Amino acid sequence: MPRVTVIGTGYLGLTHAVCLADLGHEVLAIDVDAEKIAMAANGEAPFFEPGLEPLLRKNLDSDRLRFTLSFAEVGAFGEVHFLCVGTPEGESGRTDLGAVYAAARALAPHLTSPCLIAGKSTVPVGTARQVMTRMRALAPAGDGVDLAWNPEFLREGFAVQDSLAPDRIVLGVMSDGAASMLRQVYRGPLEAGSPLLVMDLETAELVKVAANAFLATKISFINAMAEVCEQAGADVLALAQALGYDARIGRRFLSPGLGYGGGCLPKDVRGFRAAAADLGVSSLESLLTTVDEINLGRRERVVALARQAAGGSLAGRRVAVLGVAFKPDSDDVRDSPSLAVCDHLVAEEAVVSVHDPVAMPSAARKRPELRYASSVSEAAEGADLVLHLTEWSDYRAIDPAALARVVARQVIIDARCCLDAASWREADWTVHVLGRPQVSHGADAACGRRG
Ligand SMILES: NC(=O)c1ccc[n+]([C@@H]2O[C@H](COP(=O)([O-])OP(=O)(O)OC[C@H]3O[C@@H](n4cnc5c(N)ncnc54)[C@H](O)[C@@H]3O)[C@@H](O)[C@H]2O)c1
């Protein structure tokens, strides 16, 4: 089996490194962040991901997984180098490829023998060929450096299972050798039935951004329906449930609410929109502009509803915010819709108290000025308004009658449309659910887990 390295040990890279080691490979992982490397080498994941830390420790103990800060060591060790660095949003929504090219520049001078670079980061179409040209120019091995693009589809919160048993493995390649090398790397998942799709580099790059653009469009579609339902006095949950029974549509990613966030969908939608503009494809550019606008509009809608529920002004009102992670089972607060709502609330001089089961440390690093509560009831103490902004299962287990005893006013906005509104109303709460009439009939149990 080829020896593999993983460059960049963030959400994607660390999970990839751990899972490849667990599949039996010898893995050496590198990052420019010395603190992350020290933590990982010590068996601690620098972020919350269910099941990751035990697997990290197991594979450190087996000596199959090691961490380093040295690109020379990585170059000497690896036959396949997975590029997993961040590709954040840059100027005008364009994808910032600074880390991709910096990693390529740092590694290339140490590539003295033939090897394969396998890009996993999400990049605009055309990037892979640029990376290859630049690396071949700098590497002593020259044209012996082959390149493939192998986009990643893991979901935070399910990252370990998605990496060990991917729903598909996409390989963009320029040579049969690259495809066969990666077949060896993924032998375990392939034998277990993961489908393999081999294609050219450009199509592989596009598969990832097209998938994210489609998912974002589905979410924004149902959120546009929520707006229609609010105007028409209809019930978006009942609508989504009925639409979802059509197998051509499907129920997943059809949950109305506060919209998408996180480190992928928002920046990938904007990056793809910018790429579409550069390619002169105005139809996609305008579609994705609308998708993004609908998504951001949900945050404003929640703030408007909060202002209205607070009697016209949020100034001096105590607001309890339940959930800051961009989605449950994650501590990721990158482009978190909840944090954006908090920013609006603070700007309107509300007194905000935040709770989240795991994401408070990462939120506190970004927004130290917010007040963080160690429990739901502490956050809700004396609150004029409660906002349910991340659909953690813990929040569905809240006893509305018990919470009623600590708040000043029993008013809740369910921006994720998944609390049992009837039981809250039975406990005398005023419940506002995005896209639903004040009193609804059925569909209360329609909110499943988001994919
Ligand atoms: N997070 C996800 O769920 C997910 C899923 C699929 C694809 N992706 C894609 O994977 C890529 C990484 O995303 P992430 O969420 O892991 O980001 P991240 O910010 O968590 O991790 C990126 C890591 O790269 C490191 N890095 C930056 N420059 C480097 C360099 N020159 N050399 C070595 N390391 C360097 C950073 O220190 C950081 O640890 C992105 O392109 C993203 O779009 C992410």
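Only sites in a loop by DSSP and with at most 15 other Cβ atoms within 10 Å count here; which trypsin sites (Lys or Arg not before Pro) in region 375-428 make the cut?
Counting only loop positions with at most 15 other Cβ atoms within 10 Å, the trypsin sites (Lys or Arg not before Pro) in region 375-428 are ARG405.
Highest first, please rank the peptides 184-193, 38-47 by the mean number of other Cβ atoms sitting within 10 Å of their residues.
38-47, 184-193
For region 45-95, rounded, prolate or oblate, judged on the Cα gyration tensor with a ≥ b ≥ c (square roots of eigenvalues), a/c < 1.5 rounded, else prolate if a/b > b/c?
oblate
Give me the accessible area per residue for the chain, probe 1.4 Å, as a whole number in Å².
Per residue, the chain has 40 Å² of solvent-accessible surface.
Rounded, prolate or oblate, given the Cα gyration tensor of region 1-126, with a/c below 1.5 counting as rounded?
oblate
Place a +1 charge on the Cβ of each Lys and Arg in the chain and a -1 charge on the Cβ of each Asp and Glu, then give the dipole magnitude about the Cα centre in debye, rounded to the nearest 20.
Magnitude of the dipole: close to 280 debye.
Gap in Å between the Cα centre of region 355-369 and the Cα centre of region 133-148?
Computed from Cα coordinates, the inter-centre distance equals 42 Å.
Given the DSSP H assignment, sum -39500 (n - 2.57) over each helix run of at least 4 residues in the chain and divide by its residue total; what's the result at 222 nm in deg cm²/dmol, nearest 500?
-13500 deg cm²/dmol
Ordered by residue, what ³J(HN,Hα) values in Hz, to whole numbers, does region 374-380 give under the Karplus form 6.51 cos²θ - 1.76 cosθ + 1.60, where θ = phi - 60° and Gly and Pro are x?
7, 8, 4, 5, 5, 4, 8
Round to a whole number: what % of the accessible area of region 240-294 belongs to carbon and sulfur, probe 1.4 Å?
About 59 percent, which is the carbon plus sulfur part of the accessible surface.
Cα to Cα, under 13 Å, and not fewer than 8 places away if on the same chain: which aspartates and glutamates meet these conditions relative to LYS366?
By straight Cα distance, LYS366 reaches ASP331, ASP332, ASP335, ASP343.
Would you please put 21-31, 318-328 in order of how densely packed they are, using the mean number of other Cβ atoms within 10 angstrom per residue and starting with the highest?
Peptide ranking by packing, descending: 318-328, 21-31.
Please give the peptides 305-317, 8-20 ranked by average Cβ packing (other Cβ atoms within 10 Å per residue), highest first, as a rough proxy for protection.
8-20, 305-317
In what order, largest first, do ARG136, ARG436, ARG57 sit by accessible area if the probe radius is 1.4 Å?
Final ranking, largest accessible area leading: ARG57, ARG136, ARG436.
Assuming a ≥ b ≥ c are the square roots of the Cα gyration tensor eigenvalues, decide whether region 263-419 counts as rounded (a/c under 1.5), prolate (otherwise, with a/b larger than b/c) or oblate.
The shape class here is prolate.
Pop out the ³J(HN,Hα) list for region 261-275 in order, Karplus 6.51 cos²θ - 1.76 cosθ + 1.60 with θ = phi - 60°, rounded to Hz; leave Gly and Pro as x.
Coupling constants for region 261-275: x, x, x, 10, 4, x, 6, 6, 4, 5, x, 5, 4, 5, 5 Hz.
Quick one: angle between helix 337-347 and the longest Cα principal axis of the chain, in degrees between 0 and 90, rounded to 10, please.
50 degrees
From the mean inverse distance of alpha carbon pairs (Kirkwood) and the Cα radius of gyration, derive Rg over Rh for the chain.
With Rg and the Kirkwood Rh in hand, the quotient comes to 1.00.
The values are calculated or read from the model by the stated rules, or taken from the named source; none is laboratory data. Keep in mind that this is a model prediction, so the values were computed, not measured. Glycine also receives a Cβ, built like all others from the backbone with ideal geometry; neighbour counts cover every protein chain displayed. Calculation scope for accessible area: heavy atoms of the full protein, side chains included, ligands and nucleic acids excluded. Shrake-Rupley method; radii C 1.70, N 1.55, O 1.52, S 1.80 Å.
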